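First up is the structure itself, then whatever we jot down about it.
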Amino acid sequence: MPSTQFESLRLELLRGGVAPVYVERTILELEEHYADLTSDALAAGHGAEDAAENARAALGSEHAIIAAVLSRPELLEWSTRWPTVALCLRSAATIGVLPGLPLVFCIEHRPELARWGAAVGVAAAVVGAILAGLNFMIALA
């Protein structure tokens, strides 16, 4: 089979929920098996086109290959096998990330926050000193 047919097979398997590692392994095995079948047919004296046709016929149709792979649930991604669990984990991860966003912001903007904190601290000390001085003057009067 030409690689364009393997590419469409790859896309169909990925759309079907097969884990990418198994898709790549399946495509690699099909390419190797196709090459072996073609070279065996050429060695037997068939022409190049006959060898390609025999190899395609021996591998089977694309639909049969897709059906055979999709019928094995252990090859599917876990999120395809257990969609409810995947949805719950995705939701929990999203909810768990939201409270941490201010902390991430603070970590990324440390210098600005340090300057702001120092300025607020100095301003609070000055205002406190002024208020303490005013309170002291009121107490003397």
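The values are calculated or read from the model by the stated rules, or taken from the named source; none is laboratory data. Not measured: the values here are computed from a predicted model. FYI the Cβ positions are ideal-geometry reconstructions off the backbone, even for glycines, and counts take in every protein chain you see.
Please specify each residue of segment 65-77 satisfying the condition of being without any contact (Cβ under 8 Å) to a residue 12 or more places away in the chain and among the hydrophobic types (A, V, I, L, M, F, W, C).
The answer is 67, 68.
Looking at (1) surrounded by 17 or more Cβ atoms within 10 Å (Cβ to Cβ); (2) under 25 Å from the mean Cα position of the chain (by Cα); (3) farther than 19 Å from residue 80 by Cα, can you tell me which one residue 55 breaks?
Condition not satisfied by residue 55: (2).
Going through segment 58-73 one residue at a time, which ones are exposed (fewer than 14 other Cβ atoms within 10 Å of the Cβ) and not aliphatic (A, V, I, L, M)?
Hits for segment 58-73 are 60, 61, 63, 71, 72, 73.
Test of understanding: among 47, 100, which residue is exposed (fewer than 14 other Cβ atoms within 10 Å of the Cβ) and either touching a Cys at 6+ places or on another chain (Cβ under 9 Å) or not assigned by TED's automatic domain parsing to the domain that holds residue 13 (or both)?
100
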